[in-house]
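Undergrad: So that we are looking at the same thing, I have put the structure below in structure tokens.
The values are calculated or read from the model by the stated rules, or taken from the named source; none is laboratory data. Everything numeric in this text was worked out from a predicted model, so none of it was measured. Note that each Cβ is placed from the backbone with ideal geometry, even for glycine, and that neighbours are counted across all protein chains shown.
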Amino acid sequence: MKMNEYIDEAEQVLLHTYNRYQIVLDHGEGVHLYDIEGKSYLDFCAGIAVFALGYSNDNYKNAVKNQIDKVIHTSNYYYNVPAIEAAKAILGSSGLDRVFFTNSGAEAIEGAVKAARKYAYLKDQTTDHEIIAMEHSFHGRTMGALSVTGNPAYREAFKPMIGNIRFATMNDIDSVKAQLSDKTCAIILETVQGEGGIYPAEEAFLKEIRAICDEKDILLILDEIQCGMGRTGSMFAWLRYGVKPDIMTLAKGLTCGIPGGAFVVNKKVADNSLKAGDHGTTYGGNPLSASATVAVFKEYERLNIIENVKTVGDYLYKKLDELADKYDIIKAHRGIGLMQGLEFSVPVADIIKNCIESGLILINAGSSILRFVPPLIITKDDVDEMIGILTGCLDKQ
Ligand SMILES: *Cc1c(COP(=O)(O)O)cnc(C)c1O
């Protein structure tokens, strides 16, 4: 069948919750994807900041294949070695104390919110605690995660949300203070906002939030689902700020394509919140998913991924700055490491469409921001190739 025939068929069978680009992808190699007609695309999306290791990492693939041959799933009623190793890797690189594995980012957020509410409940036995979240945040599409997502358009039709969520403005500490009350049990934010438009937290802001949380025994939840796992040039973005969360959420790069996520807590939360029977999942941390996480951490070390992100991220920053200087329609350039965005004065949908036609996969973050979240193994040559294609498309605008 031809590509457009598959696309027609897809629209007959899949619920239309996405306006998809008109390509049917078939396989990947290195940092390139190929459609079913053999056309190649340089991938600066990485499955939305997921496929950090690119598409040809044999160690990762073999680890997953070997685990498939051993056992794929057992259940959380029993122990399995990959889950123990995966948890050790996460704790070793974060200095946090306990891991709960989930199937996705949204579920990691759900767990983090439950842990925060239970922590507060155990202190005063009341059930009217509040959570402060940020405007323009994105934490996922399930009801709890949606309730803390600062995009009213995503929430409107699905109300009522879970109660007692208050919104503040990222990088405006007074707006956070204005939402504080005796009932605040947690403050949740992305260390670097992703979907909302690539807005990094400012160091002073994050430090003040940490200080408020310490003073009032409020839990700080940092959502590292997109900005974690090396994307900003440190294993977790908060490591750059010298601010440690009480709870961190992970997904996307954590498993690099096999579904998986986690929420990770410090000892205080581990000892004083969720207990046996309070929370669970059938698949979370199953041997297949956990084996992927173990392989990801091993490959990060072997390939020195963090160093590559720093070097190539700096190079990308310079190159995107040059573009921003050259084109009047580019209003701003933000980001850290291999998580960057260009804000345009026009919608970017047509630019992305042109890029895809020219063999470059890019995504947006909001309607007017181009997002650059490539596999973390990209080279400066890949950046040059991307800039070449993007420049061609911008000249056509
Ligand atoms: C993608 C994302 C989520 C949701 O993860 P899913 O796996 O899609 O449920 C939550 N928070 C952030 C910051 C994300 O980027």
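Undergrad: Can you name the condition, by its number, that Lys61 falls short on among (1) buried (at least 21 other Cβ atoms within 10 Å of the Cβ); (2) more than 24 Å from Arg141 (Cβ to Cβ)?
TA: Exception for Lys61: condition (1).
Undergrad: Report, ordered by the first and then the second residue, all pairs with beta carbons closer than 7 Å, sequence separation of six or more or different chains, a first member in the range 128-146 that is over 12 Å from Ile109 (Cα atoms) and not assigned by TED's automatic domain parsing to the domain that holds Ala116, and a second member that is within 14 Å of the ligand (Cβ to nearest atom) and at pLDDT below 95.
TA: As it stands, the answer is none, since no pair meets every condition given.
Undergrad: Continuing with the same structure: Pick out the one residue from Ala349, Ala292 that is surrounded by fewer than 20 Cβ atoms within 10 Å (Cβ to Cβ) and hydrophobic (A, V, I, L, M, F, W, C).
TA: Ala349
Undergrad: Would you confirm, using the coordinates I've provided, whether Cys256 is farther than 22 Å from Glu135 by Cα, in a loop (DSSP other than H, G, I, E, B), within 16 Å of the ligand (Cβ to nearest atom) and not assigned by TED's automatic domain parsing to the domain that holds Lys331?
TA: Yes: the conditions hold for Cys256.
Undergrad: Is there any pair with a first residue in the range 94-112 that is within 10 Å of the ligand (Cβ to nearest atom) and a second that is among the charged types (D, E, K, R) whose Cβ atoms are under 6 Å apart and which are 6 or more apart or on different chains, and what are they?
TA: Close Cβ pairs (under 6 Å, with a partner that is among the charged types (D, E, K, R)) amount to Ala106/Arg141.
Results for (1) within 29 Å of Gln67 (Cα to Cα); (2) hydroxyl-bearing (Ser, Thr, Tyr); (3) away from the ligand (no atom under 12 Å from the Cβ), shown as yes or no for each residue.
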| site | (1), (2), (3) |
| --- | --- |
| Leu220 | no, no, yes |
| Gly228 | yes, no, no |
| Met248 | yes, no, no |
| Phe263 | yes, no, no |
| Val269 | no, no, yes |
| Ala276 | yes, no, yes |
| Pro287 | yes, no, yes |
| Ala295 | yes, no, yes |
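Undergrad: Moving on. Go through the range 116-138 and give me each residue that's away from the ligand (no atom under 16 Å from the Cβ) and either in contact with a Phe, Trp or Tyr (Cβ under 9 Å, 6 or more places away or on another chain) or not in a helix (DSSP H, G or I) (or both).
TA: Selection gives Gln125, Thr126, Thr127, Asp128, His129, Glu130, Ile132.
Undergrad: Go through the range 70-97 and give me each residue that's buried (at least 19 other Cβ atoms within 10 Å of the Cβ), in contact with a Leu (Cβ under 9 Å, 6 or more places away or on another chain) and under 20 Å from Thr282 (Cβ atoms).
TA: Answer for the range 70-97, where residues must be buried (at least 19 other Cβ atoms within 10 Å of the Cβ), in contact with a Leu (Cβ under 9 Å, 6 or more places away or on another chain) and under 20 Å from Thr282 (Cβ atoms): Pro82, Ala86.
Undergrad: Among the residues that make up the range 63-77, is at least one of them within 16 Å of the ligand (Cβ to nearest atom), at pLDDT 95 or above and in the same structural domain as Phe167 (by TED's automatic domain parsing)?
TA: No, that holds for no residue.
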